[in-house]
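The structure appears right after this line, and notes come after that.
Since every read-out is calculated from the coordinates, none of them should be taken as a lab result. Computed from a predicted model, the values in this text were never measured in an experiment. Cβ placement follows ideal geometry from the backbone for every residue including glycine, while neighbour counts extend to all protein chains displayed.
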Amino acid sequence: MSNIIEYFSSVGKGIVSLVKGMQVTGKELVTKKITECYPENRDNLNISDRFRAVLTLRDVDGHHKCIGCGICQMNCPNGTITLQTKMVDLPDGKKKKVLDKYMYDLGSCTFCMLCVSTCPQGALEFSNDFEQSVFTREKLVKELNAGLENPPIQAPKPRPAAAPAAAKPAANVEKTAPAKDDNATTPLAGNKPEEK
Ligand code: SF4
Ligand code: SF4
């Protein structure tokens, strides 16, 4: 008897499982299809914003935002980034380090985003331009600042005026304080000195 119950129980579970599966299948049957007909639809290809294809320097009106600090280069676990910097003269006669070349090897990048997330300037981003096929590995090394100007050099801020020096306390308070008369008596309350 118990075998019969067990048999029909397993048949019932199987039917429930089949219905659940068919529900998923039926739902996908009427869902809008997202298959991309690449490369025919290259002009209106739908790629996720989160896709990481190649590292780029953000273009802000023809300028990038990199200050050549080297943090991205230090944080890259694969040695994918190589920075070259140079010194330029400022209007006030001082020198400043700026970016000369930002070299990036797409062939060794693992798209970990450490460089992007640690850049203090927000100068880096990943584009979703995934068509990066080339015939030699050398062509995967890119100069990211090619065609972009260095960020405009800000005029040095004037130094705030020095605060006036605080008045020095008296060197010897005892010397300047009136000498205390040991014989003087403190007037009691209600015992005012006579007015003349
Ligand atoms: S991209 Fe960012 S982290 Fe890298 S050198 Fe430029 S400013 Fe520094
Ligand atoms: S994504 Fe990662 S591996 Fe690629 S350059 Fe940035 S830090 Fe290096």
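Data for the structure
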item: Label-point gap, in nm, between residue 32 and residue 49 - each point 7 angstrom along Cα→Cβ; result: 1.8 nm
item: Least to most buried among 61, 105, 100 (fewest other Cβ within 10 Å first); result: 61, 100, 105
item: Prolate/oblate/rounded call for the range 1-65, Cα gyration tensor, a/c under 1.5 rounded; result: prolate
item: Residues residue 23 and residue 100, FRET efficiency given R0 of 41 Å [Cβ-Cβ distance, rounded to 0.05]; result: 0.10
item: Sorted by Cβ density within 10 Å, fewest first, the residues 90, 124; result: 90, 124
item: Amide hydrogen neighbours beyond the local backbone of residue 142, cut-off 5 Å, H modeled; result: 104, 105, 106
item: Per-pair calculated FRET efficiency, R0 = 35 Å: residue 133 and residue 85 via Cβ, rounded to 0.05; result: 0.65
item: Top positive-direction residue, dipole computed over the range 47-143 with Cβ charges, set 109, 130, 73; result: 73
item: Only Lys, Arg (+1) and Asp, Glu (-1) charged, at Cβ; the range 47-143 dipole about Cα centre in debye; result: 340 debye
item: Computed over the range 1-113, Kirkwood Rh from alpha-carbon pairs, angstrom; result: 20.8 Å
item: Fewest-first ranking of 42, 58, 159, using other Cβ atoms within 10 Å as the exposure measure; result: 159, 42, 58
item: Alpha carbon Rg of the range 47-143, scaled by the compact-globule rule 2.2 N^0.38 Å; result: 1.16
